[in-house]
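Data block below; observations after.
The values are calculated or read from the model by the stated rules, or taken from the named source; none is laboratory data. Computed from a predicted structure; not experimentally measured. No Cβ is skipped: glycine too gets one built from the backbone with ideal geometry, and neighbour counts run over all protein chains shown. Heavy atoms of the whole protein, side chains included, go into the accessibility calculation; ligands, DNA and RNA do not. Shrake-Rupley method; radii C 1.70, N 1.55, O 1.52, S 1.80 Å.
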Amino acid sequence: MTGPSAERPEPAPSLASTGGLAADLAGASSPKGLSSGNLQPQRHPADALILALDRPDAASALALAAAIPGLRWVKVGLELFSAAGPQVVAQLRDRGLRVFLDLKFHDIPATMAGACRSAARLGAELITVHGCAGSEALAAAQAGAQEGAQAAGLGAPTLLAVTVLTSWNPQRFARELAIDDTIEDYVPRLARLAASAGIGGCVCSPLEVAALRAAHPAPFALVTPGIRPAGAARGDQQRVMTPAQALAAGASQLVIGRPISASTDPAAAFTACGQELLLAQNQGQA
């Protein structure tokens, strides 16, 4: 993925050093990866975790982010963006956080180009578009994002093509959308379409990651929601894995919302996810 520009804020400090494994995680440097080699070299586990700030206003979103020492990436989705507007992206970046703008653009090519141009100017480093918008719209979105970033003096963001939302299960997908392909066939179809249009990655469930990674090596990004630590409630997510399982399968980054944000101690929940990744890494090197 495109690195930060000279004007981009420095990442937030490392994870909270509260003793034990949390201290080990805070001091982790240059992790060499999980046994499958999918946690990229020189990446701290916190770089693989994206916290979904699904909050109804800027104040509560900023408070949640501030309550988690070591947080580096946040997701701004439809709920927060509709309430707080583009300025919340600037507020988060001013605090040293990197932003995944998850608005899932899906429109005609000219509109998608304009939307991605504006989103890139905000400094979002990851931006979602719907893969089913088609190759012409995806190519226009990519061009618009590059133009917007260049105009703002920022590094170009990575566009992510949304494949099939993790809330769909196979039976309802076939029944309600009347798509002949199974999810297992439809997701790779959209990934190929995105890659051919120059899009930098996809959003998919962790269950599809291994097959997509085999077909699309890094640096093609595979960002996965539907992440649930062991024992966490699924909520409305249907196709899920644990953080360590998803990265071992080939995910680039993981989006985690309610298991952290709805926890009575979000900082501890975030640290626990990072500990899981660090433990998996160490086990893979043993």
Filtered residues of the stretch 157-174 (kept if closer than 19 Å to Lys75 by Cβ and either assigned to a loop (DSSP other than H, G, I, E, B) or in contact with a His (Cβ under 6 Å, 6 or more places away or on another chain) (or both)): Pro157, Val162, Thr163, Val164, Leu165, Thr166, Ser167
Residue list for the stretch 239-286, restricted to those being assigned to a loop (DSSP other than H, G, I, E, B), modelled with pLDDT under 90 and within 21 Å of Ala214 (Cα to Cα): Arg239, Val240, Thr242
Regarding Ala140, is this residue in contact with a helix residue (DSSP H, G or I) (Cβ under 6 Å, 6 or more places away or on another chain), under 19 Å from Gly200 (Cα atoms) and in a helix (DSSP H, G or I)? yes
Looking only at the stretch 26-62, how many residues end up being at pLDDT 95 or above, open to solvent by 60 Å² or more (accessible area, probe 1.4 Å) and among the small types (Gly, Ala, Ser)? 1
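Can you confirm whether the stretch 120-127 contains a residue that is at negative phi, part of a loop (DSSP other than H, G, I, E, B), open to solvent by 40 Å² or more (accessible area, probe 1.4 Å) and in contact with a Pro (Cβ under 8 Å, 6 or more places away or on another chain)?
Within the stretch 120-127, one or more residues are at negative phi, part of a loop (DSSP other than H, G, I, E, B), open to solvent by 40 Å² or more (accessible area, probe 1.4 Å) and in contact with a Pro (Cβ under 8 Å, 6 or more places away or on another chain).
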Only residues in the stretch 150-178 that are farther than 21 Å from Ala191 by Cβ count as the first member; pair them with residues that are part of a loop (DSSP other than H, G, I, E, B) and small (Gly, Ala, Ser), Cβ under 7 angstrom, at least 6 apart or cross-chain, and list the lot. Gly153/Ser5; Leu154/Ser5; Leu154/Gly123; Gly155/Gly3; Gly155/Ser5
Do we have Ala66 as over 27 Å from Gly131 (Cα atoms) and at pLDDT below 95 here? no
Mind listing just one residue for me: the one in the stretch 131-149 that is under 22 Å from Val187 (Cβ atoms) and small (Gly, Ala, Ser) and, of those, most open to solvent (accessible area, probe 1.4 Å)? Ser135
Members of the stretch 81-100 found to be touching a strand residue (DSSP E or B) at 6+ places or on another chain (Cβ under 9 Å) and open to solvent by less than 30 Å² (accessible area, probe 1.4 Å), listed by number: Ala84, Val88, Val89, Leu92, Leu97, Val99, Phe100
Inside the stretch 150-176, can you point out the residues that are open to solvent by 30 Å² or more (accessible area, probe 1.4 Å) and closer than 24 Å to Ala90 by Cα? Gln150, Ala151, Ala152, Gly153, Ala156
What residue, among those in the stretch 256-277 that are of a type in the set (A, V, I, L, M, F, W, C) and surrounded by fewer than 23 Cβ atoms within 10 Å (Cβ to Cβ), is nearest to Asp54 (Cα to Cα)? Ala262
Just for the stretch 181-238: of the residues that are modelled with pLDDT of 95 or more and in a strand (DSSP E or B), which one is most open to solvent (accessible area, probe 1.4 Å)? Val203
